[in-house]
1. Please work out if Lys48 is basic (Lys, Arg), more than 13 Å from Lys6 (Cβ to Cβ) and either modelled with pLDDT of 90 or more or in contact with an Asp or Glu (Cβ under 8 Å, 6 or more places away or on another chain) (or both).
2. Among (1) touching a residue at least 40 places away in the same chain (Cβ under 8 Å); (2) under 15 Å from Thr82 (Cα atoms), where does Pro66 come up short?
3. Quick one: how many residues across region 16-31 are surrounded by 12 or more Cβ atoms within 10 Å (Cβ to Cβ), free of Cβ contacts under 8 Å to residues at least 40 places away in the same chain and part of a helix (DSSP H, G or I)?
4. Across region 32-61, what is the number of residues that are outside any helix (DSSP H, G or I), out of contact with any helix residue (DSSP H, G or I) (no Cβ under 8 Å at 6 or more places or on another chain) and surrounded by 12 or more Cβ atoms within 10 Å (Cβ to Cβ)?
5. Pairs needed: first member in region 33-44, more than 16 Å from Gln17 (Cβ to Cβ); second member anywhere, of a type outside the set (D, E, K, R) and surrounded by 15 or more Cβ atoms within 10 Å (Cβ to Cβ); C-beta distance under 6 Å; at least 6 residues apart or different chains.
6. Taking the conditions exactly as written (of a type in the set (Gly, Ala, Ser), buried (at least 16 other Cβ atoms within 10 Å of the Cβ) and part of a helix (DSSP H, G or I)), does Ser77 satisfy them or not?
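The values are calculated or read from the model by the stated rules, or taken from the named source; none is laboratory data. Keep in mind that this is a model prediction, so the values were computed, not measured. Positions of Cβ are generated from backbone atoms using ideal geometry, with glycine treated the same way; all protein chains shown enter the neighbour counts.
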Amino acid sequence: MKMDAKEQVIHVLKELQEDSSVSKNIKQKVSSMQKELEECSQDELSLKVNKILCDLDELSSDVNLPPFIRTQILHISGMLETIC
């Protein structure tokens, strides 16, 4: 079950990167998060998820972030919390 949730998060991260309305710096951060998830083993999954949750929290607190992107980021955070 954990791998299914992980794959779903990776898919949503990819969709966010492909969105033309997302700024370049956010795409870079999301890409980095995606790579971390893809490359982590089952043993380090919980640690990586917690790190990514902190990064997403920091990203979502940006006042210049459009509301619809903030909503997507919060959705991804919720999905990640089910993995832990």
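1. Working: basic (Lys, Arg): yes; more than 13 Å from Lys6 (Cβ to Cβ): no; either modelled with pLDDT of 90 or more or in contact with an Asp or Glu (Cβ under 8 Å, 6 or more places away or on another chain) (or both): yes.
Answer is no for this residue.
2. Going through the list (1) touching a residue at least 40 places away in the same chain (Cβ under 8 Å); (2) under 15 Å from Thr82 (Cα atoms), Pro66 breaks only (2).
3. Total satisfying the criteria: 5.
4. Looking only at that region, the number is 1.
5. Close Cβ pairs satisfying both conditions: none exist.
6. Working: of a type in the set (Gly, Ala, Ser): yes; buried (at least 16 other Cβ atoms within 10 Å of the Cβ): yes; part of a helix (DSSP H, G or I): yes.
Yes, satisfied.
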